[in-house]
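As structure tokens, the structure follows; a few thoughts come after it.
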């Protein structure tokens, strides 16, 4: 069993509801057990600016799926939520699920990089992640989360009540 942190993001079709529905979909999977879930956060789009703001969160699960099996299961959930993979990079989307951390492993696979490539410099990932981990957590190959967060400006990130 391994603890995995997954980033959730959406900016189409009631994104806060989509994030909460995705949380339930993940928890409903037979080989995934939710351990913790962050607050919801609003953030401006990282890509094209002519799209709605995003809602983001981070969930921690425990699973015995391999990283690639987990990736495929999360991609199926994205597809079930109407994810269109033909849109431009960083474009609007109904649901985005990213494996941020897979235990303390560093993974280099053609389909998967862990820790997630943008983890250390994206406020919409770091701040929700910091909310649900220990303050002295080390991100493999990146350093202490508290240091990473202190070096990452909020860039418009706001916690949603």
Worksheet, complete the sentence: Within the range 44-62, residues more than 12 Å from residue 6 (Cα to Cα), touching a residue at least 24 places away in the same chain (Cβ under 8 Å) and either exposed (fewer than 15 other Cβ atoms within 10 Å of the Cβ) or over 13 Å from the mean Cα position of the chain (by Cα) (or both) come out as 44, 45, 46, 47, 48, 51, 52, 53
Item to complete: Sort through 31, 13, 18 and tell me the only one that's without any contact (Cβ under 8 Å) to a residue 60 or more places away in the chain and either surrounded by fewer than 16 Cβ atoms within 10 Å (Cβ to Cβ) or under 16 Å from the mean Cα position of the chain (by Cα) (or both).
Response: 31
Worksheet item: Among (1) within 18 Å of residue 125 (Cβ to Cβ); (2) assigned to a helix (DSSP H, G or I), which single condition is residue 6 missing?
Response: (2)
Worksheet item: So is residue 61 touching a helix residue (DSSP H, G or I) at 6+ places or on another chain (Cβ under 7 Å) and closer than 18 Å to residue 16 by Cα or not?
Response: no
Practice prompt. Go through the range 117-136 and give me each residue that's at pLDDT below 95 and touching a helix residue (DSSP H, G or I) at 6+ places or on another chain (Cβ under 9 Å).
Written response: 118, 119, 120, 121, 134, 135, 136
Discussion item. Just to be sure I understand the filter: pairs with C-beta atoms under 8 Å, separated by 6 or more residues or on different chains, first member in the range 90-113 and at positive phi and in contact (Cβ under 8 Å) with a residue 12 or more places away in the chain, second member assigned to a strand (DSSP E or B) and surrounded by 15 or more Cβ atoms within 10 Å (Cβ to Cβ). Which pairs pass?
Written reply: 103/2; 103/3; 103/4
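The values are calculated or read from the model by the stated rules, or taken from the named source; none is laboratory data. Just so we're clear, the structure is a prediction, and the values are computed from it rather than from any experiment. A quick note on method: Cβ atoms are made from the backbone with ideal geometry, for glycine too, and the neighbour counts reach across all protein chains shown.
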